[in-house]
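Notes follow the structure.
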Amino acid sequence: MNVGVDTGGTFTDAVTDAGGTVKVPSTSEDPAVAVRAAVDTFAATPGVLAHGTTVATNALLERSGAPVALVTTAGFSDIIEIGRQNRPSLYDLWADRPDSLVPRSLRFEAGTEATLPGDVRSVAVCLLHSDRDPAAERAAAEALSRQGLDVTCSADVSPEYREYERTLTTVINAYLRPSCRAYLSRLAPLADEVLVMTSAGGLVPLADAAELPAALLLSGPAGGVLAAAAVAAANGSPDAITFDMGGTSTDVCLVRRTLPEAAPGRIVGGFPVRLPSLDVHTIGAGGGSVARVDAGGALVVGPQSAGARPGPACYGHGGTAPTVTDADLVLGRIPSGTVLPGLGPLDSASARAALDRAGVTAEGVVRVVNANMERALRAVSVERGVDPRALALVAFGGAGPLHACELADALGMPRVIVPARAGVLSALGVLGAPRSRELVRSWAGDGSIDAAARALADEAARLVGSSAVTETFFDVRYSGQSHEITVRSLDEFHDEHRRRNGYSRADAPLEVVALRARARTDSPLDITSLPPVDRSTPVGPAVIAEPDCTIWLPDGWAGRRGEADALVLERR
């Protein structure tokens, strides 16, 4: 038996490769407790435990990482504070960048004396141009390691140009490593082998994940995207948007020709993280998102969440703030008395009382949260030159199928696909993910670019195994541009530039900035061929209560059974 586990803000989900599922309340004080409880519900010790985790993300967002020092080139110690000229909110005079993860007193320039306080055991080392020649950086790291310090080198984390992003990514890795290493070590006894999902959509051994926790910041959502893309393709929709609405957040991702969009980095908690990732767009909108009236009298939903404890008012665990789940329950989209795992029956009277105390209506809460999620869907489609009317919406997570049809209506999307086991799809996607590694190197234009790409692919394959399949990519731009596009070949660049920016310059010289290589094995589990589930084919309006999620089918919509037991919803 192999098990996939995804830790969310409200529930921790587990699935087996035989199709067994379980949901247990998450334990924010120590997520390993909920993981252990989920795994223990199955009779046997797993051969493989594949895990999507939020520990790295939470530590960064909550600023609960370890004290960290920075060693860098003379004159560059303030780079992580200076950043770039872009503002977090152009017209907000009070918007600030997030506070630096390294105070100025713990930034040291090469060649100076450094005395670290006793509580600082984690050090980030990032020297100028070490993406091309890491020798000096490795020498500094070796000297620091001899002092018993835990050292993170930028050459091992993000060996590509742009000093601000590379330095900050290295600092984030050093900041997260102590807590993530301790957490992951507690999972080791739970299975014969523990694998961890990366933001790029691949599984890596537990030891590798513990060394590079900055690569785990979109760990769980990546699994859901992979599974949703596979189900969409099986149902004749190779182009889609994945829509994962859980208890705390909503994650959306564009899928083109069956492949989720990738990105060379992401912004997490206001910080750029320069590591390969699926291009998942996340907002603070989930079933537990709290509704309130702001100082100007406007109804606001999220990003604050009631979480698992105390949770929405309808949970009956002491929560008093109205949430999206409370609104869905009052509107009848969640049947009154529904029993959630580990929580008992939902209390509609408490939900209604919470809404009344806050002076908000259930209809208003749903309209506002839908508007927030509609903007997220537009961000990954319309704003990238992609017409959503040609896409399917793949809805999953505990709350996604409750809101999907209304969002599809708003964007003119022709169909909604609700995969089987939609409420635990991210855990299923983690279990079915390939073992994978993605490497990147700055390109200085020396020698043969094809030979350099092949050498990088061979290096990635050695990290994965002899059965790995490799791909190479190039970060390319027109000479003089400040941002690049990742393409499979230089021949693709002009067309891709035109799609994204509305124009191309066929005669302009190109500049290759970086090389990328990905190695991956075949997926160990075909999630479209799991044991069947019993699903009805309703006509709206209807509420379809399933063991792991609830589906709201508005008037004018009808459902049919699709491939892989998906429920395909279309307008009548």
**Asked** Can you work out the FRET efficiency for the pair Ser336 and Glu496, with r the C-beta to C-beta distance and R0 = 60 Å, to the nearest 0.05?
**Response** 0.75
**Distance in nm between pseudo-label sites at Ala135 and Asp522 (7 Å out along the Cβ direction from Cα)** = 4.5
**Asked** With the Cα gyration tensor of the stretch 52-188 giving a ≥ b ≥ c as the square roots of its eigenvalues, does the rule (a/c under 1.5 for rounded; else a/b larger than b/c for prolate; else oblate) give rounded, prolate or oblate?
**Response** oblate
**Prompt:** Once phi is turned into θ = phi - 60°, what whole-Hz ³J(HN,Hα) does the Karplus curve with 6.51, -1.76 and 1.60 give for every residue of the stretch 49-56, x standing for Gly and Pro?
**Reply:** 10, 9, 10, x, 10, 10, 4, 5
**Computed label-point distance, nm, for sites Ala18 and Ser467 using a 7 Å Cα→Cβ extension** = 2.2
**Prompt:** Per-residue ellipticity at 222 nm for the chain, helices alone: DSSP H runs ≥ 4 residues times -39500 (n - 2.57), over residue total, nearest 500 deg cm²/dmol?
**Reply:** -8500 deg cm²/dmol
**Request:** Kindly provide the chymotrypsin sites (Phe, Trp or Tyr not before Pro) of the stretch 3-99 that DSSP labels as loop, not H, G, I, E or B, and whose Cβ sees at most 12 other Cβ atoms within 10 Å.
**Result:** Tyr91, Trp94
**Message:** For semi-axes √(5λ) of the Cα gyration tensor in Å, one of [x] 32, 29, 23; [y] 39, 27, 25; [z] 53, 34, 22 was computed from the structure I shared and the rest are decoys. Which label?
**Reply:** [y]
**Message:** As an exercise, use a Förster radius of 30 Å and the Cβ-Cβ distance of Arg560 and Met1 to find the FRET efficiency, rounded to the nearest 0.05.
**Reply:** 0.35
**Item:** Accessible-area composition of the chain, carbon plus sulfur, in percent [1.4 Å probe]
**Value:** 51
**Asked** How much FRET efficiency would the formula 1/(1 + (r/R0)^6) give for Ala444 and Arg84, where r is the Cβ-Cβ distance and R0 is 25 Å, rounded to 0.05?
**Response** 0.65
**Asked** By how many degrees, 0 to 90 and rounded to 10, does the Cα axis of helix 135-145 deviate from the longest principal axis of the chain?
**Response** 70
**Asked** So, in nm, how far is label Asp208 from label Arg571 when the simple model puts each one 7 Å beyond its Cα toward the Cβ?
**Response** 4.6
**Asked** Can you give the angle from 0 to 90° between the axis of helix 400-411 and the longest principal axis of the chain, with both taken from C-alpha atoms, to the nearest 10?
**Response** 80
**Asked** What does the accessible area per residue of the chain come to in Å², with a 1.4 Å probe and no ligands, DNA or RNA counted?
**Response** 41
**Prompt:** Which angle between 0 and 90 degrees, to the nearest 10, do you get for helix 163-187 versus the longest principal axis of the chain when only C-alpha atoms count?
**Reply:** 60
**Complete:** Measuring from its Cα centre, the stretch 396-482 shows a charge dipole (+1 at each Lys and Arg Cβ, -1 at each Asp and Glu Cβ) which, in debye to the nearest 20, is 240
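The values are calculated or read from the model by the stated rules, or taken from the named source; none is laboratory data. Computed from a predicted model, the values in this text were never measured in an experiment. Every residue, glycine among them, receives a Cβ derived from its backbone with ideal geometry; neighbour counts consider all protein chains shown. Accessible surface areas use protein heavy atoms only, side chains included; no ligands, DNA or RNA. Shrake-Rupley method; radii C 1.70, N 1.55, O 1.52, S 1.80 Å.
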